[in-house]
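Chemist: What follows is a structure written as structure tokens; I'll ask about it next.
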Amino acid sequence: KKNAEQALKESEERYRTLINTMNEGLLHVSNDDVIQFVNERFCKMLGYTPQELIGKAALDIIVDEEGRKLIREKNQLRTRGIEDQYEIQMKTKSGEKIWMHVSGAPVYDHNRGDIIGSVGILTDITERKVVENALHDSEKKYRELVDNLGEVIYELNRFGEITFINQAILRVSGYKPKRIVGKNLIDLIYQGDRDLLLRRLEELKLGKEYVSEYRVISKSGEVRWIQTSSK
């Protein structure tokens, strides 16, 4: 009996050392969302002590109203034995909001087999989300700028297929951008100018820039002259 107790104690100590030295936060809650356990990393991320969290309802402390709705949905999944991953904003003790990536799983009572709560492994992804949002804002500004220009701006892949074209193409050709993207540029060029275009595209692959003039066929069948500055 004493040997078994000592082995159990040593196992418990190893478990706690492992949990408390993780780079990720760990949160264990009951089915009614009462916090049962948090590791040191989780407390450090949110600025609380374990005593300030254990025994409290997580919904009342660490998430806002939108987060509460998401957590309730996830808790319902756990009671059905479903694991999943998601992203959520949490509130620190100082009121700052940080983004967390959560890997959630149900916790079972090993004696009865019932689901008694859920556990989440949490990673702070705030820095990544800031970069993603900045990139999204930059992309939005870029597209708004490009779509308001009077000139047609387009991009091709190395096969000559159009991967992007702005709204000005509607005025020039009568086609909306979504009808053009994915087509090969040569299909839009007047038959007599296609050899010139092919030569220019080969020069582009060698890093040469050029200004050329071509004829294009509009949606109505009209032949229109365009000048392109390509690089």
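The values are calculated or read from the model by the stated rules, or taken from the named source; none is laboratory data. What you are looking at is a predicted structure, and each value in this text was computed from that prediction instead of being measured. Cβ sites come from the backbone with ideal geometry, for glycine too, and all protein chains shown count toward neighbours. SASA here: full protein model, heavy atoms, side chains in, ligands and nucleic acids out. Shrake-Rupley method; radii C 1.70, N 1.55, O 1.52, S 1.80 Å.
Chemist: Return the only residue of 139, 203 being modelled with pLDDT under 90 and under 30 Å from residue 96 (Cα atoms).
Modeler: Of 139, 203, the one residue that is modelled with pLDDT under 90 and under 30 Å from residue 96 (Cα atoms) is 139.
Chemist: Could you check how many residues of region 158-179 are open to solvent by 60 Å² or more (accessible area, probe 1.4 Å) and in contact with a Gly (Cβ under 9 Å, 6 or more places away or on another chain)?
Modeler: 3
Chemist: Determine, yes or no, whether residue 36 is closer than 21 Å to residue 127 by Cα and surrounded by 11 or more Cβ atoms within 10 Å (Cβ to Cβ).
Modeler: So residue 36 fails the test.
Chemist: Go through (1) open to solvent by less than 20 Å² (accessible area, probe 1.4 Å); (2) part of a helix (DSSP H, G or I); (3) out of contact with any Ser or Thr (no Cβ under 8 Å at 6 or more places or on another chain); (4) not charged (D, E, K, R) and name the single condition residue 4 misses.
Modeler: In the conditions (1) open to solvent by less than 20 Å² (accessible area, probe 1.4 Å); (2) part of a helix (DSSP H, G or I); (3) out of contact with any Ser or Thr (no Cβ under 8 Å at 6 or more places or on another chain); (4) not charged (D, E, K, R), residue 4 misses (1) alone.
Chemist: If I filter region 78-100 down to residues being open to solvent by 40 Å² or more (accessible area, probe 1.4 Å) and outside any strand (DSSP E or B), which single residue comes out as farthest from residue 48 (Cα to Cα)?
Modeler: Here is the first cut: in region 78-100, the ones open to solvent by 40 Å² or more (accessible area, probe 1.4 Å) are 79-80, 82-83, 85, 87, 89, 91, 93-97, 99.
Right, trim to outside any strand (DSSP E or B) and you get 79-80, 82-83, 93-96.
Numbers: 79: 27, 80: 31, 82: 29, 83: 27, 93: 6, 94: 9, 95: 12, 96: 13 Å.
Among those that are open to solvent by 40 Å² or more (accessible area, probe 1.4 Å) and outside any strand (DSSP E or B), it is 80.
Chemist: Let me ask something else. Could we say that residue 175 is over 30 Å from residue 46 (Cβ atoms), in contact (Cβ under 8 Å) with a residue 24 or more places away in the chain and not small (Gly, Ala, Ser) here?
Modeler: Details: over 30 Å from residue 46 (Cβ atoms): yes; in contact (Cβ under 8 Å) with a residue 24 or more places away in the chain: yes; not small (Gly, Ala, Ser): yes.
Yes, satisfied.
Chemist: A follow-up question, please. Taking helices (runs of 4 or more DSSP H) that fall entirely within region 146-206, which contain at least 3 residues that are within 15 Å of residue 225 (Cα to Cα)?
Modeler: Output list reads 168-173, 194-205.
Chemist: Could you list all residues from region 116-157 that are among the hydrophobic types (A, V, I, L, M, F, W, C) and exposed (fewer than 12 other Cβ atoms within 10 Å of the Cβ)?
Modeler: Residues satisfying the conditions are 130, 131, 134, 135, 145, 149.
Chemist: Return yes or no: is residue 103 closer than 30 Å to residue 167 by Cα, hydroxyl-bearing (Ser, Thr, Tyr), open to solvent by 30 Å² or more (accessible area, probe 1.4 Å) and free of Cβ contacts under 8 Å to residues at least 60 places away in the same chain?
Modeler: So residue 103 fails the test.
Chemist: Tell me, which helices (runs of 4 or more DSSP H) wholly within region 36-77 include 2 or more residues that are among the aliphatic types (A, V, I, L, M) and either touching a residue at least 60 places away in the same chain (Cβ under 8 Å) or closer than 24 Å to residue 115 by Cβ (or both)?
Modeler: 58-61
Chemist: Taking residue 12, is it surrounded by fewer than 16 Cβ atoms within 10 Å (Cβ to Cβ), at pLDDT below 90 and of a type in the set (D, E, K, R)?
Modeler: yes
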